[in-house]
Every structure is written in structure tokens, then in C-alpha cells.
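To keep things clear, I will list the structure first and then write my remarks on it.
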Amino acid sequence: MDRARDMLRSGDWLTRERIRLVAVALLLASTLGFLYLVVTAHGGIDQQGRPLGTDFSNVYAAGSYANEVNADAAFDPVQQFARERAIFGAATQFYGWHYPPFFLFIAAALALMPYGAALAVWQTVTLGLYLLAIRAILQPSFRGARSASPESIATERKRQTPQTGLWTQWLWIPDSSYAASGMTAEWLLLALAFPSVLINVGHGQNGFLTAALIGGALVMLDRRPLVAGILFGLLVYKPQYGLMIPLVLAVSGRWKCFAAAAATVALLTAATTLSFGASVWHAFLASTEFTRTVVLEQGNTGWYKIQSVFAWARMWGASIPVAYALQGAAIVALAGALARLWRGTAPYPLKAAALCLATILATPYSFDYDMMVLAPAIAYLAVDGFARGFGPWEKTILAALWLMPLLARAVAQVSLIPLGVPAMLAVFVMIVRRAEPGLASPMAFSGASSTIAAGPGGTARGRDIAAFKS
């Protein structure tokens, strides 16, 4: 037991080969599972009577209303359900349209295509944007490696390449296109195998786009604040994410970005009104009553699917006022910690990761597919770990967060034990601790793990978790 505890504490169990093995296994299982759904479907309906992409069906139905100059109908559950049944058959279940009118632009464009093509385009484009954002986050951590010669990198890679068997050689991902800069393609494996990716593909959800916008905005925040502001402003289709981002921009004095985000929202509001009519806003506001009472407060979609403090409290029997009070307390605590962090001198990757986590934790309305936002958070934490080393338990906690979307819904459904929120809170606390002034130097972590080694550029690197690199 002591040995197992020591390995979890140091993170030595998290070897490079083990990471690749788990990631490849998850990616293969996810791919095969999705292909099975597609192959066994009839007319775009799977064996359980659901449209492929499930939740995407509400986007397509709403878009068809918008194209008929009847956008208001999408916000009426009765009319929305009738359109879904007309498109996907009388046996289809109801998939509610809960987005603000801004999202009708995307829905209308997608509804011009056949359903299968629209789903494929939606998933492919947004997945690509998500991957670009993750690569942009990770890439700067390799700038120090560029001083190494291609020959030395090739020699090191040859030494590290597993030769013990065919299966381990197959798991090795060639990185010839990145060799000169020290990058490998293993970041792509981990980004694609992230369990929330399967959830988003299966449900046709918007998590890829959300992660891309938040990740991209954080990459651009200091270099191109106007671009970052536009990306933050485009997140207005997820209004529940509008708590922590404006706070951070304000307390850190990033007023140019703040103004760009506000202007983006204002322009989108004007364009939406001109395109779909002023009545669409009344229809949307009226529909929020259904979303609040039926979906959130009564939990008709299932508490186990919602990853929030509010849902945790309701799942354990708390009344609606008590659940809101607990969520409010979490918001206040998160806001205070986040403001202190962003006003301080903590490394930027920690600030960025904290904002991603606080954005999810602050809203009572966050499903497991929204955990895609954890991907940029994990990427930023990996960057900080490569630069300064990892402290006790931190590698294990980071690995658990990566796996969390795979477990959160299933475990809560069968046991009423919520794993998602406690895991996210634990990582947020870990970030706050790493940001403490006494832990600001790389030397503070130098004894945390024997696997941290100096890389070619002279910075601390964990070779056993190099798979997180880009």
C-alpha cells in the first residue's frame, strides 16, 4: 500500500507507454462504437430510435424553422417537438432547443444541407477548430527545444522508441514533421482520445466549438486582445458562461479585450434582430422558463448528466433554494479566488486553466459534454508542469481530470456519487496552491518526482508525460 501511495503521489506510474496505451484503447473503442451506431442505423435513426447525433437534431429542426422565416417556433417546445417528429419520425424523443437566438445563424446554415451532411460538417469543422486551439496552447512549450540539433533529437527519439514488441512499436506515433522543433504528434492522440470528444461526437454537441473559442481566446489574449475579445464575444451562444470571463477581463485591466467582446455581442444582437425579427427575443425569454424549471430545477434530463454544484445538491435531495444557495456560494468563492489569481503574478498557464475550470463550475447548467472545456485547462496545466515541474499528487490529479468525462455520468447514474464537480474543484484548488508565491520557482517542485528531467532547451520536463506535448 505504501508503494502504491508513493507512486500515486509522485506520478511515477504515469509512464509514456501507459499513457499511449490508454489513449489508443479509448480512441479505438470510441471510434468502433460510433461506427457501429452509423452502420446499424436505418435512415439516420439508430437502433434505439434516436437520430444520429441525438442533440444535433434540435439544432437541425430549429434551423429549418429559421429558414422558413419562423424562428420563433423553435423556442416553443410543442412546435419544436412537432418539427423533430416530422423530420425524424413519430417515435423520436424530444430534444429541446435551449440556445439564445444567436445560434440560429449556425442552425439555419446547417439546415440547408441534408441531415447527415450537416452533422458531418458540424462535427468535422468544430473538431478541427478544437484541435487547432489545443495545438496553439501547447506549441510555445517547445520553443526551447529548437536549439537542439535534428541529429541529437533523432538520437534521443531512437533511444526512447519502444522496441519490445510489435504492439508497442505500433503505438509509437511518428513525429518527423515536428522533429526540428522538438514537437511530437502525440498531443493529437491525447486530444482526440479525450473522453469528452466521444460524448460530443455521439450527441452532436457544441463542446468542440466552445473549447476552441475559449482556448483560442486565451492564446490570443495578450498578443491580440481584439481577436481574443471577438472570440470571447462569440461565446454568447452559451450565456451561462458569461460570469467569470468578464470578471477576469475587468480585474486584470484587459479593457481592450473587454470592449471587443462587448462590441461583438452588440453586433450579434443587432444582426440577430434584423435577421429573425425582434419577436425572437420574446420567444427566447419565454422559453427560458421551461429550461429553468423542467430541465434544471426538476432535472428531467437526469441529475447525473448535469455537472454542477446545483445538480449535485438536487441529486442528494436538497431543495431548490438550498441548491441555488450552494451554487451561489461556489460562484462567490470561485470569483474571489479567480480575481486574486488574475491580479497576481502567477504564471499565465495557471490563470488560463483556472478560468476554464471556473467557467464550468460557476454555472448550474453544465452537462457532461461541456467538459470539453477541460481540454484547454489540461493543456495549460501540462505546459506549466513542463516548465516548472509537477508537485506531489499533481500528475495523478491531472490524469484523473482527463479521464473524468468517461466516468462522471455513469458513476453518478448508478451510485448517485458525483465525480465531475469534486474533481474540477480539486484541480482548481491545486491551481491556487501552485500559484502561491512560495511555489513560484521551478526549484520548489524539483524534488516532487524523480521523472522530471532537463530537456534539450534547459527547462524541466517530464519524459514520462511527454505525450501531452505539442
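Restricting attention to segment 8-23, and to residues there that are out of contact with any helix residue (DSSP H, G or I) (no Cβ under 6 Å at 6 or more places or on another chain) and assigned to a helix (DSSP H, G or I), which single residue is surrounded by the most Cβ atoms within 10 Å (Cβ to Cβ)?
Looking at residues that are out of contact with any helix residue (DSSP H, G or I) (no Cβ under 6 Å at 6 or more places or on another chain) and assigned to a helix (DSSP H, G or I), I get 10.
Among the candidates 102, 75, 81, single out the residue that is modelled with pLDDT of 95 or more, open to solvent by 60 Å² or more (accessible area, probe 1.4 Å), of a type outside the set (Asp, Glu) and closer than 29 Å to residue 288 by Cα.
81 is the lone residue from the list that is modelled with pLDDT of 95 or more, open to solvent by 60 Å² or more (accessible area, probe 1.4 Å), of a type outside the set (Asp, Glu) and closer than 29 Å to residue 288 by Cα.
What number goes with the only condition from (1) under 21 Å from residue 189 (Cα atoms); (2) among the hydrophobic types (A, V, I, L, M, F, W, C); (3) at pLDDT below 95 that residue 90 does not pass?
Tallying (1) under 21 Å from residue 189 (Cα atoms); (2) among the hydrophobic types (A, V, I, L, M, F, W, C); (3) at pLDDT below 95, residue 90 fails exactly one: (1).
Just the residues that are within 20 Å of the chain's Cα centre (by Cα), farther than 17 Å from residue 353 by Cβ and among the small types (Gly, Ala, Ser), please, taken from segment 401-438.
Within segment 401-438, 408, 410, 412 meet the criteria.
I'm checking my understanding of the structure. Among residues of segment 262-306 that are part of a loop (DSSP other than H, G, I, E, B) and at pLDDT 95 or above, which one is surrounded by the most Cβ atoms within 10 Å (Cβ to Cβ)?
For segment 262-306, the residue satisfying everything is 277.
Being touching a Cys at 6+ places or on another chain (Cβ under 6 Å) and among the β-branched types (Val, Ile, Thr) narrows it down to one of 373, 383, 332, so name that one.
Only one candidate qualifies: 373.
Check residue 403 against each of (1) open to solvent by 40 Å² or more (accessible area, probe 1.4 Å); (2) modelled with pLDDT under 90; (3) under 23 Å from residue 198 (Cβ atoms); (4) hydrophobic (A, V, I, L, M, F, W, C) and name the one condition it does not meet.
(2)
Within segment 394-415, does at least one residue satisfy the condition of being out of contact with any Phe, Trp or Tyr (no Cβ under 8 Å at 6 or more places or on another chain) and not in a helix (DSSP H, G or I)?
No.
With the condition kept exactly as written, say whether any residue in segment 437-444 is open to solvent by 10 Å² or more (accessible area, probe 1.4 Å), touching a Ser or Thr at 6+ places or on another chain (Cβ under 8 Å) and among the aliphatic types (A, V, I, L, M).
yes
Return the total of residues in segment 212-224 being surrounded by fewer than 21 Cβ atoms within 10 Å (Cβ to Cβ) and in a helix (DSSP H, G or I).
Qualifying residue count, segment 212-224: 1.
The values are calculated or read from the model by the stated rules, or taken from the named source; none is laboratory data. This structure is a prediction, so every number in the text was calculated from the model and none was measured. Neighbour counts run over all protein chains shown; Cβ positions are idealised from the backbone, glycine included. The accessibility values were calculated without ligands, DNA or RNA, using every heavy atom of the protein model including side chains. Shrake-Rupley method; radii C 1.70, N 1.55, O 1.52, S 1.80 Å.
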